[in-house]
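Visitor: This structure is in structure tokens; I'll ask about it shortly.
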Amino acid sequence: MSEYVERVIAETAKRNPDQPEFLQTVTEVLHSIAPVVDAHPEYEKAALLERLVEPERQIMFRVTWTDDEGKVHVNRGYRIQFNGALGPYKGGLRFHPSVNLSILKFLGFEQVFKNSLTTLPIGGGKGGSDFDPHGRSDGEIMRFCQAFMTELQRHIGLHTDVPAGDIGVGGREIGYLFGQYRRIRDAYDNGVLTGKGLAYGGSLIRPEATGYGVLYYAERVLEHLGDSIKGKTVAVSGYGNVAWGVCEKVRELGGKVVTLSGHNGYVYDPDGVVTDEKINYLLEMRASRNANIRMYAEKFGLPFHEGEKPWSVKADICIPCATQNEVGMKEAEEIVANGTKYYFEGANMPASNEAIAYLQEHGVVVGPAKAANAGGVAVSALEMSQNSERLSWTSEEVDARLKGIMRAIVDSSLAAAKKYGHEGDLVIGANIAGFEKVADAMMAQGLF
């Protein structure tokens, strides 16, 4: 292992001792790219890795808003502009009580390589707030979004930083955020946010993009292995946008999603989430002010497994679509014991480094998040292109471009892994392929 890599990991841990999620992803990525770093001694002289793991800018601000009863609340807002070597910072906004600096730095760091893999001209960033939209009225959410954007607007722009949605930030929130941005700036710069409604510059296929992209990625991986999605059972966690897109595309490709989950448990649906009624009900649930996966179980007469995760269910493919670190060693052992062949990450860093290593050691094909779930940001970048051209592409054109991007990510990951002696390893391949492009740009641009 590269001494330079190990030193940078140790220094990063020393400087960020209270940021476990960020240190987790830095450790995973830097270990993977060690062969590339060893082949380029000029990287150490230029302190490339030290610059790579330190965000270019970390913005933290107060968000003050009032609820429907007139009570004043104070939340914390963030924007991490991690690396802009390839283009304007690009990454979502997350509104969730768990949001803190460590989580946003891990997401921003991952976003750098994810965005690089798409081959589109976008850098990496992330942001959000510890605000919890769950159970809040439309008026409360609007007032929070307006207060949040009043500060954020100072730091974003068409050629600077283009946020999108994430957990807790959907089309409604993006609309409120854009309305406030337009009000303050007195300009119709709709390319400053992505994930917008179709009426004001959004892109077709954007809501489905991450879920669709996971399946286009998976489909290409299985093609390389002489297999297909048809006839496969799929265990999914979550029930949000990503899970919804996965359910739709699995059905189209001839497979069957048999689980969904929430923070409080999971549902096993042996008949599969395959009917229009079931798939559309996911949208209805999410629109509910008090959304809960138990609603699905009650609606379709299925048992609800309270406090449990879906990975004990036997399936050919596992696709976590919820949040970070939901798959630990216990869950990895269950997945292996069930004879699962494929594991593709729809969520960001849903497994611990130890769990990923265990899955790979036991022959499970692993598609990492920064590659498998890149479809969302890919279509966000396509939305930016449409905004710049003042055009709206057809759903068929956007979908075709998305599919091409996801298939190319698989191919470039496999080529990079083979080049550095790790043939077939999609995890190492994705990290190397994403890193090489960013490293080239950083070296070409000098110290920054």
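Visitor: Looking at (1) assigned to a loop (DSSP other than H, G, I, E, B); (2) closer than 30 Å to Arg51 by Cα; (3) open to solvent by 20 Å² or more (accessible area, probe 1.4 Å); (4) touching a residue at least 24 places away in the same chain (Cβ under 8 Å), which one does Glu423 not meet, given that it meets all the others?
Guide: Exception for Glu423: condition (4).
Visitor: Out of all the residues in region 324-367, which are open to solvent by less than 10 Å² (accessible area, probe 1.4 Å) and in contact with a Leu (Cβ under 7 Å, 6 or more places away or on another chain)?
Guide: The answer is Ala332, Ile335, Tyr343, Val366, Gly367.
Visitor: Further question: It is to be established whether one or more residues within region 278-292 are modelled with pLDDT under 95 and of a type in the set (Val, Ile, Thr).
Guide: No; the residues of region 278-292 include none that is modelled with pLDDT under 95 and of a type in the set (Val, Ile, Thr).
Visitor: Could you list, in sequence order, the residues of region 205-215 that are in contact with a Leu (Cβ under 7 Å, 6 or more places away or on another chain) and touching a residue at least 60 places away in the same chain (Cβ under 8 Å)?
Guide: Ile205, Ala209, Tyr212, Gly213
Visitor: Hey, could you check region 1-27 for residues that are surrounded by fewer than 20 Cβ atoms within 10 Å (Cβ to Cβ) and of a type in the set (Asp, Glu) and say which is farthest from Tyr89 (Cα to Cα)?
Guide: It comes out as Glu3.
Visitor: Is it fair to say Phe109 is over 21 Å from Leu198 (Cα atoms) and in a helix (DSSP H, G or I)?
Guide: The answer is yes for Phe109.
Visitor: Here's something else I'd like to know. Of everything in region 250-269, what is in contact with a strand residue (DSSP E or B) (Cβ under 9 Å, 6 or more places away or on another chain) and open to solvent by 20 Å² or more (accessible area, probe 1.4 Å)? Give them in sequence order.
Guide: Once the filter is applied, which keeps residues that are in contact with a strand residue (DSSP E or B) (Cβ under 9 Å, 6 or more places away or on another chain) and open to solvent by 20 Å² or more (accessible area, probe 1.4 Å), region 250-269 yields Arg251, Lys256, Asn264, Tyr268.
Visitor: Report the residue count in region 169-201 for those that are under 24 Å from the mean Cα position of the chain (by Cα) and closer than 23 Å to Phe131 by Cβ.
Guide: The total comes to 16.
Visitor: Cβ-Cβ distance below 7 Å, separation of 6 or more or different chains: which pairs start in region 398-413 with a residue that is free of Cβ contacts under 8 Å to residues at least 40 places away in the same chain and end on one that is open to solvent by less than 50 Å² (accessible area, probe 1.4 Å)?
Guide: Arg401/Leu382
Visitor: Follow-up. Would you confirm, using the coordinates I've provided, whether Arg51 is within 27 Å of the chain's Cα centre (by Cα), closer than 26 Å to Pro97 by Cβ and among the basic types (Lys, Arg)? It would help to see each step written out before you state the result.
Guide: Numbers: within 27 Å of the chain's Cα centre (by Cα): yes; closer than 26 Å to Pro97 by Cβ: no; among the basic types (Lys, Arg): yes.
No: the conditions fail for Arg51.
Visitor: Where the second residue is of a type in the set (Lys, Arg) and open to solvent by 10 Å² or more (accessible area, probe 1.4 Å) and the first is under 13 Å from Glu436 (Cα atoms) and lies in region 116-127, which pairs have Cβ atoms under 8 Å and are six or more apart or on separate chains?
Guide: From residues that are under 13 Å from Glu436 (Cα atoms), the pairs are Ser116/Lys437; Thr119/Lys437.
Visitor: Of all residues in region 320-359, how many are within 16 Å of Gly265 (Cα to Cα), among the hydrophobic types (A, V, I, L, M, F, W, C) and touching a helix residue (DSSP H, G or I) at 6+ places or on another chain (Cβ under 6 Å)?
Guide: 2
Visitor: Could you list, in sequence order, the residues of region 151-177 that are more than 16 Å from Ser380 (Cβ to Cβ) and buried (at least 18 other Cβ atoms within 10 Å of the Cβ)? Walk me through it before giving the result.
Guide: We begin by selecting, within region 151-177, every residue more than 16 Å from Ser380 (Cβ to Cβ); these are 151-155, 168, 172, 176.
Result: Leu152, Gly168, Tyr176.
Visitor: Taking region 21-51, which residues are under 30 Å from Leu177 (Cα atoms) and not hydroxyl-bearing (Ser, Thr, Tyr)?
Guide: Glu21, Phe22
Visitor: Is it fair to say Arg57 is closer than 21 Å to Ile428 by Cβ, open to solvent by 40 Å² or more (accessible area, probe 1.4 Å), of a type outside the set (Ser, Thr, Tyr) and at pLDDT 95 or above?
Guide: So Arg57 fails the test.
Visitor: Another one. Do you know which residues across region 218-254 are within 21 Å of Gly404 (Cβ to Cβ) and of a type in the set (A, V, I, L, M)?
Guide: Of everything in region 218-254, those that are within 21 Å of Gly404 (Cβ to Cβ) and of a type in the set (A, V, I, L, M) turn out to be Ala218, Val221, Leu222, Leu225, Ile229, Val242, Val246, Val250, Leu253.
Visitor: In region 116-151, which residues are in contact with a helix residue (DSSP H, G or I) (Cβ under 8 Å, 6 or more places away or on another chain) and of a type in the set (A, V, I, L, M, F, W, C)?
Guide: Within region 116-151, Leu117, Leu120, Ile122, Phe131, Ile141, Met142, Cys145, Phe148, Met149 meet the criteria.
Visitor: Shifting gears a bit: Applying the selection to region 372-410, what residues are surrounded by 15 or more Cβ atoms within 10 Å (Cβ to Cβ) and assigned to a loop (DSSP other than H, G, I, E, B)?
Guide: Asn373, Ala374, Ser392, Trp393
Visitor: Of Glu208, Glu140, which residue is farther than 28 Å from Ile33 by Cβ, modelled with pLDDT under 95, open to solvent by less than 40 Å² (accessible area, probe 1.4 Å) and not hydrophobic (A, V, I, L, M, F, W, C)? Before the answer, list the steps.
Guide: Values: Glu140 fails: modelled with pLDDT under 95.
Selected residue: Glu208, the only one of Glu208, Glu140 that is farther than 28 Å from Ile33 by Cβ, modelled with pLDDT under 95, open to solvent by less than 40 Å² (accessible area, probe 1.4 Å) and not hydrophobic (A, V, I, L, M, F, W, C).
Visitor: Got a number for residues in region 149-195 being part of a helix (DSSP H, G or I) and without any contact (Cβ under 8 Å) to a residue 60 or more places away in the chain?
Guide: As a first pass, look at region 149-195 and keep what is part of a helix (DSSP H, G or I): 149-152, 171-185, 190-192.
Okay, now just the ones that are also without any contact (Cβ under 8 Å) to a residue 60 or more places away in the chain, so 149-150, 171-172, 174-176, 178-185, 192.
So the count comes out to 16.
The values are calculated or read from the model by the stated rules, or taken from the named source; none is laboratory data. Predicted, not measured: the structure shown is a model, and the values here were computed from it. So basically every Cβ, Gly included, is an ideal-geometry build from the backbone, and we count neighbours across all protein chains shown. Just the protein is used for accessible areas: all its heavy atoms, side chains included, with ligands, DNA and RNA removed. Shrake-Rupley method; radii C 1.70, N 1.55, O 1.52, S 1.80 Å.
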